[in-house]
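Here's the structure we're looking at; comments come further down.
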Amino acid sequence: MQIPESYRRKIDPLVAQARTLLEKGERLSALAFVGSLTRDEVVPVVVDDRSDESKDASAKIIQAAAAMMDADYIFMVREAWKLSERYARRYDEIIDKYGSIGASPYAEDIAAFSLETTHGTWVAMPFIKQKPPSKKRRTIGAVEFVHMPEIGGRFVGLLPTKKNDGGTLH
């Protein structure tokens, strides 16, 4: 399932901006863009990801913003870590030994993008690569979103429930 075009028009410039920031040598701040297509409004919300408690608080703020503006999408951007396919099958062993992916020598930087809409959730996690000759500037390759109806976690399911002819949509 592809992302509906109306959402692509909103998120593609944000993905391009993330790439530009990386190529200037900056890091990606963890942000959620809470938006309403009908009112053409977007509110950025800073995500505090320093602890589980601060992540929970950030999720509540995003959810409150989405409810206040009757949002129909939330687009999140952040840097994160991922294991390459070579080490993915050793996930449990790596967590046991290092406590987290980020603390392990096998962690690779990624740009994490997620789009939650009333039509579903899509995720993209392109690896961040060095942009030679600079040691500070980085970039990402193609950003390919995958529909993920089974995804869960504190930053999913934050949109208000929409009523439509007596039924509910998420």
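Each value in this text was obtained by applying a stated rule to the coordinates, not by laboratory testing. Keep in mind that this is a model prediction, so the values were computed, not measured. When we count neighbours, we look across all protein chains shown, and the Cβ atoms used for this are built from the backbone with ideal geometry, even at glycine.
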How much length, in nm to one decimal, is gained on full extension between residue 85 and residue 53, taken as 0.36 nm per residue of separation minus their Cα-Cα distance? 8.5 nm
Just tell me which lysines come within less than 24 Å, Cα to Cα, of residue 24; anything on the same chain fewer than 8 places away is out. 10, 82, 129, 131, 135, 136
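Give me 135, 82, 24 ranked fewest to most by other Cβ atoms within 10 Å of their Cβ, as a rough exposure proxy.
Fewest-to-most ranking of 135, 82, 24: 135, 24, 82.
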Simple SL model, points at 7 angstrom along Cα→Cβ for residue 67 and residue 46; separation in nm is 2.4
Fully extended contour minus Cα-Cα distance, from residue 154 to residue 97, at 0.36 nm per residue: 18.0 nm
Between (i) 51, 40, 25; (ii) 41, 40, 30; (iii) 52, 36, 30, which matches Cα extents along the principal axes in Å calculated for the structure shown? (iii)
Residue 129 versus residue 27: modelled label distance in nm, points set 7 Å from Cα along the beta carbon direction: 2.3
To the nearest 20 debye, what charge dipole does region 5-165 have about its Cα centre, counting +1 at the Cβ of each Lys and Arg and -1 at the Cβ of each Asp and Glu? 720
Taking only the alpha carbons of region 13-113, the radius of gyration and the largest Cα-Cα distance, Dmax, both in angstrom, are 16.2, 49
Could you point to the residue in 83, 2, 161 farthest towards the positive end of the chain's charge dipole, with +1 and -1 charges on the Cβ of Lys/Arg and Asp/Glu respectively? 83
Given the chain, longest segment not containing exposed loop GluC sites (Glu not before Pro) (DSSP; at most 12 other Cβ within 10 Å): 1-143
Working out 0.36 nm times the residue gap between residue 144 and residue 161, then minus their Cα-Cα distance, what length gain in nm do you get to one decimal? 3.4 nm
Ellipticity estimate at 222 nm from DSSP helix runs (n ≥ 4, -39,500 (n - 2.57)) divided over the chain, nearest 500: -9000 deg cm²/dmol
Would you calculate the separation in nanometres between label points at residue 39 and residue 108, each defined as 7 Å from the Cα along the Cα-to-beta-carbon direction? 4.1
